[in-house]
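Everything below concerns the one structure shown next.
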Amino acid sequence: MFRTTCVWLLALTGWTTLPSAVQAETPNIVLILADDMGYGDPGCYGGKLMRTPHLDRLAREGLRFTDAHSPSAVCTPTRYGLMTGRYCWRTRLQRGVLVGDSPALIERDRLTIASLLKAKGYATAVVGKWHLGLGSDTQTDFSQPLRPGPLDTGFDQFFGIPASLDMVPYVLVQNDRVLALPTAQSEKSPKSNYFDGVFWREGPAAPGFRHREVLPELTRRAEQFLLQQSADRRFFLYFPLTSPHTPWVPTDEFLKSTPLGEYGDFVTQTDAAVGRVLAALESRQLLDKTLVIFTSDNGAIPLPEPYAASGHKPNGDWRGQKGDCWEAGHRVPYLVRWPGHTPAGQTCDQTICHTDFLATFAAIVDHPLADDAAEDSYNLLPLYRGQSVPEPIREATVFHSADGAFAIRKGNWKAILHLGSGGFSQPKQEAAKPGGPTGQLYDLAADPAETQNLWQERPTIVAELSTLLRQYRESGRSRPRQSP
């Protein structure tokens, strides 16, 4: 097996040091992943009712992608795809997400962005929401070392929470130990409905755990890691935020800072966390030596009343919401700042996916990928560098909904292999009518709002996309095999 096994062989044989020519061009990497931030939230994507100056700065000084996608419309499967370059529906998780005490999802021998970079000599850390499972038991025992976990996927350090901020148990984890066992009960959530925003599940919690204090502590820990790095060693920080996912719990500094209630305030605090990361890099004179990427794991949920009448659209003009196969479920903001490489103030409309991080980072550190790693990952480095690419980087992209429904996109054509959203929007699943379409087909160039279903009018396109999806599923990969 190649994957992580080969990565450790690289380390043992002394291949961790990058050649000097590659080292000179190799950046530090900071990857920031927001949790449930919609395409339309940042000012640089059209948001007008809350301030996001630090995200807007990344767009102004870097590259803004307008057709970037998460491989899934919910948390865990997107994070698996981001880490491994492989669609999560190829694993045991066929729908939904893990819970706080689920076992580890990433296979022990699988190459990840962290194990790749660690083998190349990078110091690696993850600070934030893990949500990829901990341990090997059916139910995680938090009194024991939490292995396998982040330290077994290539990270030198981990500080964060096991899953979403609304999922029990509420504990903070450092490396492979909880700071305190979940021997208490969480305080009662102020609201009882996920879609009201300020909601979390009742259950086990570490004594003194406070939801409102988590994002500030994670931000402080991320700053601490950056401030401790030496200038002569490359580092990789993966910073998966807990915000603006529910519960919406902005601190007093941000409370009532927007006309959009706790959600808008929490988005503003999320932007401020990005600003503190940039400031920490600047204080060490490392910002211009660092590739900074910001994106989100999926779309947003709708704003509750009365804020829904404000005119702000968390997902922009895209149809649907988090969880859906429709565009709002998986089209996300995606910003890249890399001075001297990425053109400033430009946009890119190529279709890209979060599974592409592994192949892209491998190209940056000049590491060829084996065929049994990153099977759904494409190299975006030419796009990061603003190069003219006459053909699409990706042949096609597969999207997966909260309920396990499939969609596939090739060029402007998007086929959804069912009727309904497949996620949280109504109707979730819709029975086909006699003589009617059995799925959905949209031309996103002519109909970006996905209002005109062309399934029956364009059977050749339907057949082509359906066949391609079947090939991707049966072959175990979508990235072409390397030539012998």
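The values are calculated or read from the model by the stated rules, or taken from the named source; none is laboratory data. Quick caveat: nothing in here was measured; it's all calculated off a predicted structure. Positions of Cβ are backbone-derived with ideal geometry, glycine not excepted, and every protein chain shown enters the neighbour counts.
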Check 273, 328, 308 and return the single one that is within 30 Å of residue 95 (Cβ to Cβ) and either buried (at least 16 other Cβ atoms within 10 Å of the Cβ) or in contact with a strand residue (DSSP E or B) (Cβ under 9 Å, 6 or more places away or on another chain) (or both). 328
So, in region 113-168, how many residues would count as being assigned to a loop (DSSP other than H, G, I, E, B), within 20 Å of the chain's Cα centre (by Cα) and more than 28 Å from residue 25 (Cα to Cα)? 12
Residue by residue through region 201-248, note down the ones that are among the small types (Gly, Ala, Ser) and either within 23 Å of residue 154 (Cβ to Cβ) or under 25 Å from the mean Cα position of the chain (by Cα) (or both). 222, 230, 231, 243
Considering residues that are crowded, with 22+ Cβ neighbours inside 10 Å and either assigned to a loop (DSSP other than H, G, I, E, B) or not assigned by TED's automatic domain parsing to the domain that holds residue 164 (or both), the number found within region 73-96 is 5
In region 421-443, is there at least one residue being outside the structural domain of residue 358 (by TED's automatic domain parsing), surrounded by 14 or more Cβ atoms within 10 Å (Cβ to Cβ), among the basic types (Lys, Arg) and under 27 Å from the mean Cα position of the chain (by Cα)? yes
Between a residue in region 86-111 that is among the acidic types (Asp, Glu) and any residue that is assigned to a helix (DSSP H, G or I) and at pLDDT below 95, which pairs come within a Cβ distance under 9 Å, given they are 6 or more apart or on different chains? 107/3; 107/4; 109/3; 109/4; 109/5
Within the set of pairs 6 or more residues apart or between chains, which connect a residue that is touching a residue at least 12 places away in the same chain (Cβ under 8 Å) and not assigned by TED's automatic domain parsing to the domain that holds residue 67 inside region 37-50 to a residue that is in a loop (DSSP other than H, G, I, E, B) and buried (at least 18 other Cβ atoms within 10 Å of the Cβ) with Cβ atoms less than 7 Å apart? none
Within region 444-477, restricting attention to residues that are closer than 29 Å to residue 356 by Cα and charged (D, E, K, R), which residue is nearest to the chain's Cα centre (by Cα)? 477
I'd like the full set of residues that are touching a helix residue (DSSP H, G or I) at 6+ places or on another chain (Cβ under 7 Å) and among the charged types (D, E, K, R), limited to region 285-316. 297
So for region 375-382 (the condition being without any contact (Cβ under 8 Å) to a residue 40 or more places away in the chain and either touching a Lys or Arg at 6+ places or on another chain (Cβ under 8 Å) or not hydrophobic (A, V, I, L, M, F, W, C) (or both)), does at least one residue qualify? yes
Looking for something over 18 Å from the mean Cα position of the chain (by Cα) and in a loop (DSSP other than H, G, I, E, B) - is there at least one such residue anywhere in region 288-299? no
Looking only at region 441-472, which residues are in contact (Cβ under 8 Å) with a residue 60 or more places away in the chain and out of contact with any strand residue (DSSP E or B) (no Cβ under 7 Å at 6 or more places or on another chain)? 448, 449, 451
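For region 1-67, give me every one of the helices (runs of 4 or more DSSP H) that falls completely inside it and has 2 or more residues that are of a type in the set (D, E, K, R) and at pLDDT 95 or above. Full working, then the answer.
Details: elements: 3-12, 20-25, 53-61.
Fully inside region 1-67 and qualifying: 53-61.
Residue-by-condition table, conditions (1) at pLDDT 95 or above; (2) crowded, with 20+ Cβ neighbours inside 10 Å; (3) of a type in the set (Phe, Trp, Tyr); (4) under 30 Å from residue 421 (Cα atoms):
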site: 337; (1), (2), (3), (4): yes, yes, no, no
site: 343; (1), (2), (3), (4): yes, no, no, no
site: 369; (1), (2), (3), (4): yes, yes, no, no
site: 389; (1), (2), (3), (4): no, no, no, no
Determine if region 219-241 includes at least one residue that is of a type in the set (Phe, Trp, Tyr), surrounded by 15 or more Cβ atoms within 10 Å (Cβ to Cβ), in a loop (DSSP other than H, G, I, E, B) and modelled with pLDDT of 95 or more. no
